[in-house]
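Take a look at the structure below.
Only the coordinates and a few stated rules stand behind these numbers; no lab work does. These numbers come from a predicted model, not from an experiment.
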Amino acid sequence: MIEPALDFGFFAVSLALLLNLWRLWRGPTVMDRVLAVDTMVINTIALIILFGIEQRTTMFFEAALLFAMFGFISTVAYCRFILRGDVIE
């Protein structure tokens with residue numbers, strides 16, 4: 001019963017990644033592109049978690065947590081760079 005749900009999840013998240021790539025390419029402003037990359041990080045985390053469920057191992061959950069922390073820090077640093085011109089004061 002879980003296999004069709006995982007297949008649907010992979011399809012939905014992959015479609016979301018493609019739409020994020022479109023927004024990244026067509027985004028009229030820099031902030032639209034930053035939000036597209038941040039959403040792509042979230043969708044990639046979802047794909048990692050779905051793959052971990054499919055493989056029935058917890059190693060992928062730890063990788064998803066590390067990827068989430070890296071994505072958050074990079075988004076904050078890039079937004080500070082856009083707003084202030086430097087990351088470290």
When the expected Rg is taken as 2.2 N^0.38 Å, what fraction or multiple of it is the alpha-carbon Rg of segment 14-82? 1.22
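Rounded to the nearest 500, what is the 222 nm mean residue ellipticity of the chain from helices alone, with -39500 (n - 2.57) per DSSP H run of 4+ residues and division by all residues? All intermediate terms of the calculation are to be shown ahead of the outcome.
Details: 3 runs with 77 residues, N = 89.
Rounded to the nearest 500, it is -31000 deg cm²/dmol.
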